[in-house]
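Enquirer: Questions regarding the structure given below will be posed in turn.
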There are 2 protein chains.
Amino acid sequence: MGEFDLLARVRERLPAPGPRVRLGSGDDAAVTVPGGATATSVDALVDGVHFRREQSSLAQIGRKALAAALSDLAAMGAEPGEAYLVLGVPPDLDEPGCLELLDGAAALATETGTSLAGGDVTRAPALTLAVTVVGHAESAEDLVTRSGARPGDALVVTGELGGAAAGLLLLEREEVRSSLVSHRATNDDRGPVARQLEPRPRLNAGRALAEAGATAMIDLSDGLGGDAGHIAEASGIGLRIDAAALPLAPGVAEIARAAGLDPLELAASGGEDYELLAALPPERLDEAVAAVTARGETQLTRIGEVVADGGVEIRLPGGRRSKPRGFDQLDRTGPR
Amino acid sequence: MGEFDLLARVRERLPAPGPRVRLGSGDDAAVTVPGGATATSVDALVDGVHFRREQSSLAQIGRKALAAALSDLAAMGAEPGEAYLVLGVPPDLDEPGCLELLDGAAALATETGTSLAGGDVTRAPALTLAVTVVGHAESAEDLVTRSGARPGDALVVTGELGGAAAGLLLLEREEVRSSLVSHRATNDDRGPVARQLEPRPRLNAGRALAEAGATAMIDLSDGLGGDAGHIAEASGIGLRIDAAALPLAPGVAEIARAAGLDPLELAASGGEDYELLAALPPERLDEAVAAVTARGETQLTRIGEVVADGGVEIRLPGGRRSKPRGFDQLDRTGPR
């Protein structure tokens, strides 16, 4: 497979670029005219670390790589603009496979109004994707960082939690799968496996939250406990989270029990949900709920509050407290 | 090694970001206020494909990854702005190694006025670097693409050619090394090995050429023949190159002969010199030579002209013609 041939084939398949893109893929660099402020993030996925090729279609892998990167733009409240994709191709991935993967990314790009404006292709020992995304806002002040949460703010989360972790349990643990023979958790549109393999960046909700006065925001890639800790540290405040208020994704309770885990702990520590966690003044909570709901993408749930200090505390029913940490109990131990 | 710990250590070591960067590494995304137009390019390097760890210091690898990416900005005539680095860390690379690699990139960032504004770290089976760079210009029209060359334009190249390919011959072929026992080609500042391991992006020359009216420009990463072909195709013109006019890097003649190769063919087809090839109106040639020389980075050599059609023709002494192609005769066959 020639790198140039593949790039030419890819260019043929890309959706038309957005108005800010003056020159897309095929020159030394893409040329854009951003205006205002830009938010830029990079995200890398490696086979055996972030996904397993035997568990995903190539289209799902391409789609997830872009979704994970766009989720960072959602967490800034930015409008998605351009994406640049580095593809590391292992010896056993042929050109049709590369194109299937890129088609998966291109489909999400089209759905979200993102221009795939450039990229690079190289050989690599394992399938590797690195995605750079650029989002836009009228000014830097319109973008929401992790560092503005203030004591008294309400803490909210979009969508539902634990679904991606439950999906990973189904994919990785044969004994969980087999104990749930009656469960309908399949690769359908809303099941836990789909939450794991085809996450959706909450771009509309992120912009609604930014407009509704969110003081701090982060996307839940590492898990609620760990990501809440990033907000607490960056803002210099504490967070009190009521685990009983967490919106559980469908199937989480059943799958967690089959795996011998507490469903609320799974929701509080499971990664890759790519929902948004935000702080905002309590007097703007109703406005935020209405704004997020109006966009039709997902709903908003109040799960706690910002306090002056004390780090992150997740209160479980019965007075137990969860350790705030990332989700690391699954057997996803690295490249094989 | 914890990803978060490493990222925190990295942030401590970064040079202060430039004035366009409102928020650097450590949030969901970096925030910049570009103004005007931006040029964005991504470039990936993988151990065993683009370098070999046993031939380079880690600092050289980090430096080269950023240099290769910045070279694309040089070829647009853009001012370097921000860089975002994805690092795929293999099991045998420890935290001090990662930091040495990042220090190498940071040193070049400081030298070139580039802000290392973000990144991502992941495990990977082989050392992998993906660098996204963003450059700036007052308007999109100030940036030089590959597609504006016109018949009658002069064709010029910066610096010297063949040095990186000669350095690769020294690194890869024991019989070349041993036949050159008396040769001083070492890892010093100007030798062929340094040209291979520590290329320098021609950022100042690129901006000087853009200001002097370059109609098309590309950086020589794949080799003169192949990269000239990209300009010819994008501009819809032909290129006539006089191989005898090519500025040979020191050591190229001796090393090529030791390897049984024609020095001019090596210079015409060897990749990774990261010099710039540009077309410009002949009446502005003197201005361009003076502008490039005045910046003190390198010199400019006229090597041919743009004609109406006929693809790329490289005329060798004695009436021979070289095939215009990338440099692929070396044994750099991929991940091991």
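Enquirer: Identify, please: which residue in the stretch B:114-138 is β-branched (Val, Ile, Thr) and touching a helix residue (DSSP H, G or I) at 6+ places or on another chain (Cβ under 9 Å) and is, among those, farthest from the other protein chains (Cβ to nearest Cβ)? If you could, list the steps in order and put the result at the bottom.
Expert: Narrowing the stretch B:114-138 to residues β-branched (Val, Ile, Thr): B:114, B:121-122, B:128, B:131-134.
Right, trim to touching a helix residue (DSSP H, G or I) at 6+ places or on another chain (Cβ under 9 Å) and you get B:114, B:121-122, B:131-134.
Numbers: B:Thr114: 14, B:Val121: 8, B:Thr122: 5, B:Val131: 9, B:Thr132: 4, B:Val133: 8, B:Val134: 7 Å.
By that ranking, first place goes to B:Thr114.
Enquirer: A further question follows. Which of the numbered conditions does B:Glu141 fail, given that it passes all the others? Conditions: (1) part of a helix (DSSP H, G or I); (2) more than 14 Å from every other protein chain (Cβ to nearest Cβ).
Expert: So B:Glu141 meets the others, but not (2).
Enquirer: Shifting gears a bit: Can you pull out every residue in the stretch A:146-166 that is open to solvent by 30 Å² or more (accessible area, probe 1.4 Å) and either part of a helix (DSSP H, G or I) or among the charged types (D, E, K, R) (or both)?
Expert: Our first condition is that a residue be open to solvent by 30 Å² or more (accessible area, probe 1.4 Å); within the stretch A:146-166, this holds for A:146-147, A:150-152, A:160.
Those that are open to solvent by 30 Å² or more (accessible area, probe 1.4 Å) and either part of a helix (DSSP H, G or I) or among the charged types (D, E, K, R) (or both): A:Arg146, A:Arg150, A:Glu160.
Enquirer: Scan the stretch A:155-189 for residues that are of a type in the set (Gly, Ala, Ser) and either closer than 18 Å to A:Arg52 by Cβ or modelled with pLDDT of 95 or more (or both) and jot them down. Quick ask: steps written out before the conclusion?
Expert: First, pick out the residues of the stretch A:155-189 that are of a type in the set (Gly, Ala, Ser): A:159, A:162-167, A:178-179, A:182, A:185.
Residues satisfying the conditions are A:Gly159, A:Gly162, A:Gly163, A:Ala164, A:Ala165, A:Ala166, A:Gly167, A:Ala185.
Enquirer: Here is a further query. For the subset of the stretch B:50-63 comprising residues that are part of a helix (DSSP H, G or I) and either free of Cβ contacts under 8 Å to residues at least 60 places away in the same chain or touching a strand residue (DSSP E or B) at 6+ places or on another chain (Cβ under 9 Å) (or both), which member is farthest from the other protein chains (Cβ to nearest Cβ)? Talk me through it step by step, then tell me what you get.
Expert: Residues of the stretch B:50-63 that are part of a helix (DSSP H, G or I), as a first pass: B:58-63.
Next cut, either free of Cβ contacts under 8 Å to residues at least 60 places away in the same chain or touching a strand residue (DSSP E or B) at 6+ places or on another chain (Cβ under 9 Å) (or both) only: B:58-62.
Numbers: B:Leu58: 19, B:Ala59: 21, B:Gln60: 19, B:Ile61: 15, B:Gly62: 16 Å.
Among them, the one singled out is B:Ala59.
Enquirer: Which residues, taken from the stretch A:73-99, are assigned to a helix (DSSP H, G or I) and open to solvent by 20 Å² or more (accessible area, probe 1.4 Å)?
Expert: Of the residues in the stretch A:73-99, the ones assigned to a helix (DSSP H, G or I) are A:73-74, A:95-99.
A:Glu95, A:Pro96 - these are the residues of the stretch A:73-99 that are assigned to a helix (DSSP H, G or I) and open to solvent by 20 Å² or more (accessible area, probe 1.4 Å).
Enquirer: Okay, next question. Is it the case that A:Arg150 is among the basic types (Lys, Arg) and under 21 Å from the mean Cα position of the chain (by Cα)?
Expert: Numbers: among the basic types (Lys, Arg): yes; under 21 Å from the mean Cα position of the chain (by Cα): no.
The answer is no for A:Arg150.
Enquirer: Considering each residue of the stretch B:144-172, count those that are away from chain A (no Cβ under 14 Å), in contact with a helix residue (DSSP H, G or I) (Cβ under 6 Å, 6 or more places away or on another chain) and under 25 Å from B:Val289 (Cβ atoms), and give that number.
Expert: Keep residues of the stretch B:144-172 that are away from chain A (no Cβ under 14 Å), which gives B:150-172.
After this cut, where a residue has to be in contact with a helix residue (DSSP H, G or I) (Cβ under 6 Å, 6 or more places away or on another chain) as well, the list is B:154, B:158, B:161-170.
Filter again for under 25 Å from B:Val289 (Cβ atoms), leaving B:154, B:158, B:161-164.
Of the residues in that region, 6 qualify.
Enquirer: Take the stretch B:38-49 and flag every residue that is facing chain A (nearest Cβ under 7 Å) and part of a loop (DSSP other than H, G, I, E, B).
Expert: To start, the set of residues in the stretch B:38-49 that are facing chain A (nearest Cβ under 7 Å) comprises B:38-44, B:46, B:49.
If the condition is that a residue be facing chain A (nearest Cβ under 7 Å) and part of a loop (DSSP other than H, G, I, E, B), then B:Val49 is the only one that fits.
Enquirer: When you go through B:Leu108, B:Leu127 one by one, which is the residue that is open to solvent by less than 10 Å² (accessible area, probe 1.4 Å) and either in contact with a Ser or Thr (Cβ under 9 Å, 6 or more places away or on another chain) or aromatic (Phe, Trp, Tyr) (or both)?
Expert: Just a single option satisfies the conditions, and that option is B:Leu108.
Enquirer: Given the criterion more than 24 Å from A:Leu261 (Cβ to Cβ) and crowded, with 24+ Cβ neighbours inside 10 Å, identify the matching residue among A:Leu143, A:Leu224. Outline the logic, then answer.
Expert: Details: A:Leu224 fails: more than 24 Å from A:Leu261 (Cβ to Cβ).
Result: A:Leu143 is the single residue among A:Leu143, A:Leu224 that is more than 24 Å from A:Leu261 (Cβ to Cβ) and crowded, with 24+ Cβ neighbours inside 10 Å.
Enquirer: Out of the stretch B:269-311, which residues are assigned to a helix (DSSP H, G or I) and touching a strand residue (DSSP E or B) at 6+ places or on another chain (Cβ under 8 Å)?
Expert: Of all residues in the stretch B:269-311, those assigned to a helix (DSSP H, G or I) come to B:269, B:282-294.
Those that are assigned to a helix (DSSP H, G or I) and touching a strand residue (DSSP E or B) at 6+ places or on another chain (Cβ under 8 Å): B:Ser269, B:Pro282, B:Leu285, B:Ala288, B:Val289, B:Val292, B:Thr293.
Enquirer: To continue, here is another question. Got a sec? Which of B:Asp222, B:Asp227 is in a loop (DSSP other than H, G, I, E, B) and closer than 15 Å to B:Glu265 by Cα? Show your work before the answer.
Expert: Working: B:Asp227 fails: in a loop (DSSP other than H, G, I, E, B).
It is B:Asp222.
Enquirer: Any idea which of (1) under 20 Å from A:Leu143 (Cβ atoms); (2) surrounded by fewer than 23 Cβ atoms within 10 Å (Cβ to Cβ) is the one A:Leu58 doesn't satisfy?
Expert: So the condition that A:Leu58 fails would be (1).
Enquirer: Can you go through B:Arg52, B:Arg11, B:Arg20 and tell me which one is at pLDDT 90 or above, on the phi < 0 side of the Ramachandran plot and over 24 Å from the mean Cα position of the chain (by Cα)?
Expert: Details: B:Arg52 fails: over 24 Å from the mean Cα position of the chain (by Cα); B:Arg11 fails: at pLDDT 90 or above.
Result: B:Arg20 is the single residue among B:Arg52, B:Arg11, B:Arg20 that is at pLDDT 90 or above, on the phi < 0 side of the Ramachandran plot and over 24 Å from the mean Cα position of the chain (by Cα).
Enquirer: Of the residues B:Leu66, B:Leu87, only one is within 13 Å of chain A (Cβ to nearest Cβ) and within 29 Å of A:Pro90 (Cα to Cα); which?
Expert: Values: B:Leu66 fails: within 13 Å of chain A (Cβ to nearest Cβ).
None of the others qualify; the one that does is B:Leu87.
Enquirer: Can you tell me which residues in the stretch B:18-37 are free of Cβ contacts under 8 Å to residues at least 40 places away in the same chain, assigned to a loop (DSSP other than H, G, I, E, B), open to solvent by 20 Å² or more (accessible area, probe 1.4 Å) and of a type in the set (D, E, K, R)? I'd like the intermediate steps shown before the answer.
Expert: Narrowing the stretch B:18-37 to residues free of Cβ contacts under 8 Å to residues at least 40 places away in the same chain: B:19, B:22-23, B:26-28, B:31, B:33.
Narrowing the set further to residues that are assigned to a loop (DSSP other than H, G, I, E, B) leaves B:19, B:26, B:28, B:33.
If we keep only those that are open to solvent by 20 Å² or more (accessible area, probe 1.4 Å) too, we end up with B:19, B:26, B:33.
Once the filter is applied, which keeps residues that are free of Cβ contacts under 8 Å to residues at least 40 places away in the same chain, assigned to a loop (DSSP other than H, G, I, E, B), open to solvent by 20 Å² or more (accessible area, probe 1.4 Å) and of a type in the set (D, E, K, R), the stretch B:18-37 yields nothing.
Residues checked against (1) among the β-branched types (Val, Ile, Thr); (2) open to solvent by 10 Å² or more (accessible area, probe 1.4 Å):
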residue	(1), (2)
B:Gly213	no, yes
B:Gly229	no, yes
B:Leu239	no, no
B:Ala258	no, yes
B:Asp262	no, yes
B:Leu276	no, no
B:Thr293	yes, yes
B:Gln299	no, yes
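Enquirer: What do you reckon, is B:Ile241 touching a residue at least 24 places away in the same chain (Cβ under 8 Å) and part of a helix (DSSP H, G or I)? Can you show your working first?
Expert: Working: touching a residue at least 24 places away in the same chain (Cβ under 8 Å): yes; part of a helix (DSSP H, G or I): no.
No.
Enquirer: From the set of residues in the stretch B:111-124 that are of a type in the set (Gly, Ala, Ser) and closer than 19 Å to A:Thr128 by Cβ, which is least open to solvent (accessible area, probe 1.4 Å)?
Expert: Of all residues in the stretch B:111-124, those of a type in the set (Gly, Ala, Ser) come to B:113, B:115, B:117-119, B:124.
With the extra rule that they be closer than 19 Å to A:Thr128 by Cβ, the set shrinks to B:118-119, B:124.
On the way: B:Gly118: 21, B:Gly119: 33, B:Ala124: 3 Å².
The residue in question is B:Ala124.
The values are calculated or read from the model by the stated rules, or taken from the named source; none is laboratory data. Since the structure is predicted, the reported quantities are computational estimates derived from the model, not experimental observations. With ideal geometry, Cβ positions are generated from the backbone for all residues, glycine too; neighbour counts draw on all protein chains shown. With ligands, DNA and RNA removed, areas are computed over all heavy atoms of the protein, side chains included. Shrake-Rupley method; radii C 1.70, N 1.55, O 1.52, S 1.80 Å.
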